[in-house]
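Step one of this worksheet: look at the structure below.
What follows draws every value from the coordinates through simple rules; no lab data is involved. Given the structure is predicted, the values throughout are model-derived calculations rather than measurements. Note: ideal-geometry Cβ built from the backbone for every residue, glycine included; neighbour counts use all protein chains shown.
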Amino acid sequence: MDLFVGENIKALRKKKNMTQEQLAERIGVSFQAVSKWENKIAMPDVTLVPLIASLFGVSTDEIFGYNQKEMQEEIEKICCNAYEFRESDPEKSKEILEEGLKKYPENEIILNNMLYVTDEDETIRIASKLVDRTEDGEIRYDALRFLAYAYNKKGDTESAVAALEQIPELYFTKLSEMAFILKGKPMLEAAEKQKWISFETLLQMTWKTAEYYEENGEFDKAIEETEKALAFIDVMKNERIIVNFANYKEFFLKRLEQMKSKK
């Protein structure tokens, strides 16, 4: 990374009409340490950066020389590029994200996207890190979800349940509440997004119900649930926002055929 930390600290210090000695005293280091930073001989300890940023009234990103808006746009671009290959080529998706982490080490958004393309052990490592340190609720709950899936794949059901129990049980979403509060196009956009999420969840839970009946030999009930899912797909087939109808229908038709063969 081409980070001009020392130069940024020097510029901010001078803007505040502060000497190296005064800055050193305020943050608890020697003035020689400050001099080394400003002359690119050494870098400040990462734990000092938030303190320095607070002292100058700027963000830590500004200390590191990042433009917040440009940084967010670039991170979004990295994640969108990786998303294109998430299903078709997970290794390529992972490589894109790893390159992103070289430029933006420990970035929570990139790490969160990494959870979709890593094996169980790496998922547990990354997700545990995000759960412990992130202040973003959405990232934390997503990490807990992946943590539960990874533990479950490794046969550790107890740890999987413990992770899921940290996710609050909500009976409403931000999108659903926005759909009730907003008017006009914003209301429509919120309602459309929530409708899509609810539709996918409905299909998934209908399938899990069918799976339970199938495992217990209740094939008539399993077939009934699978046929319900196909009916839901048929009802929603003209929704412009939903693009996976062919995949959904193919999956449930295949499962229906398998169930009928077992009956």
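Here's how it looks for Ala42: its modeled amide H is under 5 Å from those of Trp37, which are all 5 or more places away or on a different chain.
Each Lys or Arg adds one and each Asp or Glu subtracts one; over the other residues with Cβ under 12 Å from the Cβ of Thr201, this totals +1. Once you list every other residue whose beta carbon is under 9 Å from the beta carbon of Lys249, what net charge do they have if Lys and Arg are +1 and Asp and Glu are -1? It works out to a net charge of -1.
Net charge within 15 Å of Met187 by Cβ-Cβ distance, Lys/Arg positive one each and Asp/Glu negative one each, not counting Met187 itself? For residues surrounding Met187, the net value is +2. What is the distance in Å between the Cα centres of region 1-38 and region 77-150? First find each Cα centre; the distance between them is then 34 Å.
Toward the positive end of the charge dipole of region 68-164, with +1 on the Cβ of Lys and Arg and -1 on the Cβ of Asp and Glu, the farthest Cα among Met71, Ile124, Leu164 is that of Leu164. What is the percent of Cα-Cα separations in region 5-63 that go past 14 Å? Looking at region 5-63, the distances longer than 14 Å represent 47 percent of pairs. A Stokes-Einstein calculation at 37 °C with viscosity 0.692 mPa s, built on the Kirkwood radius of the chain over Cα pairs, returns a diffusion coefficient of 144 µm²/s.
Remark: region 207-220, residue by residue, has Karplus-estimated 3J(HN,Hα) of 5, 5, 5, 4, 4, 4, 4, 5, 5, 9, x, 8, 5, 4 Hz, where x stands for each Gly or Pro and the curve is 6.51 cos²θ - 1.76 cosθ + 1.60 at θ = phi - 60°.
Which entries of Lys36/Lys103; Lys69/Lys154; Lys129/Lys174; Lys69/Lys185 show an alpha-carbon separation above 29 angstrom in the structure shown? In this structure, Lys69/Lys154 lie more than 29 Å apart at Cα. Dividing the alpha-carbon radius of gyration of region 71-126 by the rule-of-thumb value 2.2 N^0.38 Å gives 1.01.
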